[in-house]
Every structure is written in C-alpha cells, then in structure tokens.
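Peer 1: Have a look at this one before I ask anything.
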Amino acid sequence: MRAVQPQDHPPVEKLIVEHWGAASMVIHGEVFYPADLPGFLALRGQEICGLVTYAVQARDCEIISLDAFQPGLGIGSRLVEEVKSAAQALGCRRLHLVTTNDNINALAFYQKRGFRLAELRPNAIEASRRIKPEIPLIGENGIPIRDEIELEMEL
C-alpha cells in the first residue's frame, strides 16, 4: 500500500476510465475526477491490484472510488482502512461515500466494515445523467440505476 503520487496520474486515470466508463464521476450533483484526488494504491510488485480515491471537505472525508481488482484478498478492506487512517490524521469526524441502488455488493461490503445507511436520494441519478449522459440505465443484476445511497461512519 502506498499513497497515490503525481506520477501515478496516467495509470490511475486509465484504470478509472476502464472500470468506471469515464475519467469523471458525478456524485450528489458534483463532478469529481478521481485521478486528480488523493488516494492509495495496493500494489503487487509493479501491478496495481487496488485503488481508492477520496476528497476531504471541512471535517468530512468522502470515498469517491474504490476498486479491488483481485476480489476476496482483503484489498478493498485495507484500502478503506488507509483512507480511514488518513481522514483521522486530517481531523475528519466522518467518513462517507455514495453508491447506487443497484450496487448490492458495495452495500454489503461497506456495512460489513462498519458503515451505516445514512441517506437515500430517490431519483438522484436522473440529475446526474444530465451532467454525465453515459451513466447506464441498467446496472448490476439487471437493476435500474435510479437512486443514490449514502453510507457513513463516525471517526
């Protein structure tokens, strides 16, 4: 594990585009460019096997993206712990993130790691599609992507 560094921008942006469909993400009506944000890489030799990016605003730290490219090895859990430690060091009081209603795996993953459901934003993805039209209509398990779900933990 190590912090993302400026020279990591090209490979990080490539991974974001490959796994998220574009260099940008729209979350709660705000546009983020994960490759430009602080984050952590999980490496196996020179190979990136996990990536997390986050944004800090006031006393809140928000996970923007999390990818473990080799599931089941604890990479995602370790990346979340890295962000949690960084947020605490920065004096943050809350760690939170947003996922969509179709992302059942993420909902389970984060709750198992101490996050709780904090807010449901019905039809929020409709507004996000006006900013980023490439957001698909149908997501995991054939579920229509409609709503944002915020999860949080106090630090």
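The values are calculated or read from the model by the stated rules, or taken from the named source; none is laboratory data. All figures in this text were calculated on a predicted structure; none of them were measured in a lab. Using ideal geometry, Cβ is built from the backbone for each residue, glycine included, and neighbour counts are taken over all protein chains shown. Note: areas computed on protein heavy atoms with side chains; ligands, DNA, RNA excluded. Shrake-Rupley method; radii C 1.70, N 1.55, O 1.52, S 1.80 Å.
Peer 1: What is the spin-label model distance, in nm, from R2 to W20 if the labels are put 7 Å beyond Cα along the C-beta direction?
Peer 2: About 2.2 nm, to one decimal.
Peer 1: Please say if the range 42-125 is rounded, prolate or oblate, where rounded means a/c under 1.5 for a ≥ b ≥ c the square roots of the C-alpha gyration tensor eigenvalues, and otherwise the choice is prolate for a/b larger than b/c and oblate otherwise?
Peer 2: Oblate.
Peer 1: Now a separate question. Dipole of the chain, Cα-centred, from +1 at each Lys and Arg C-beta and -1 at each Asp and Glu C-beta, to the nearest 20 debye? Intermediate results must be reported in sequence, preceding the final value.
Peer 2: Numbers: 16 positive and 21 negative charges, 60 e Å.
Here the chain has a charge dipole of around 300 debye.
Peer 1: Show which lysines lie in cross-link reach of K84 when reach means a straight Cα distance below 22 angstrom and same-chain residues fewer than eight apart are skipped.
Peer 2: Partners within reach: K112.
Peer 1: Can you pull a Stokes-Einstein diffusion coefficient for the chain at 37 °C (0.692 mPa s), Rh from Kirkwood over Cα pairs, as a whole number of µm²/s?
Peer 2: Here the translational diffusion coefficient equals 207 µm²/s.
Peer 1: If you don't mind, there's one more thing I want to ask. Let me check something: with ligands and nucleic acids excluded, how do S77, S128 order by accessible area (1.4 Å probe), largest to smallest? Before the final figure, lay out each step's value.
Peer 2: Values: S77 35, S128 0 Å².
Ranked from most to least accessible, the order is S77, S128.
Peer 1: Let me ask something else. Work out from phi, with θ = phi - 60° and the Karplus expression 6.51 cos²θ - 1.76 cosθ + 1.60, the ³J(HN,Hα) of each residue of the range 32-48, listed in order in whole Hz, and give x for Gly and Pro.
Peer 2: Going residue by residue, I get 10, 10, x, 5, 8, 9, x, x, 9, 10, 9, 10, 10, x, 9, 7, 7 Hz, with x marking Gly and Pro.
Peer 1: Probe of 1.4 angstrom, ligands and nucleic acids ignored: what's the accessible area per residue over the range 47-125, in square angstrom?
Peer 2: Spelled out: the 1.4 Å probe surface of the range 47-125, per residue, equals 49 Å².
Peer 1: I would also like to ask the following. May I ask you to derive the relative contact order of the range 6-155, considering only C-alpha pairs under 8 Å and at least 6 residues apart, and to give it as an integer percent?
Peer 2: Relative contact order here is 20 percent.
Peer 1: So for the range 57-152, taking the charge dipole from beta-carbon charges (+1 Lys/Arg, -1 Asp/Glu), which of I149, H96, I64 sits furthest toward the positive end?
Peer 2: Value: H96.
Peer 1: Right, here's the next one. Give the accessible area for M1 in Å² (nearest 10); use a 1.4 Å probe, count only protein heavy atoms, and leave out ligands, DNA and RNA.
Peer 2: My reading of the accessible area for M1 is about 70 Å².
Peer 1: Can I ask one more? Which one, I27, C49, M1, is farthest towards the positive end of the dipole of the chain when Lys and Arg carry +1 and Asp and Glu -1 on their Cβ?
Peer 2: With unit charges placed on the Cβ atoms, the residue in question is M1.
Peer 1: Convex hull over the alpha-carbon atoms of the range 89-155: what's its volume per residue in Å³?
Peer 2: Residue-normalised Cα hull volume stands at 100 Å³.
Peer 1: Using only the heavy atoms of the protein chains and a 1.4 Å probe, how would K112, K132, K14, K84 rank by accessible area, largest first?
Peer 2: Details: K112 165, K132 20, K14 125, K84 50 Å².
Ranked from most to least accessible, the order is K112, K14, K84, K132.
Peer 1: Where the accessible area of the chain is counted over protein heavy atoms with a 1.4 Å probe, how much of it, in %, is carbon and sulfur?
Peer 2: 51 percent
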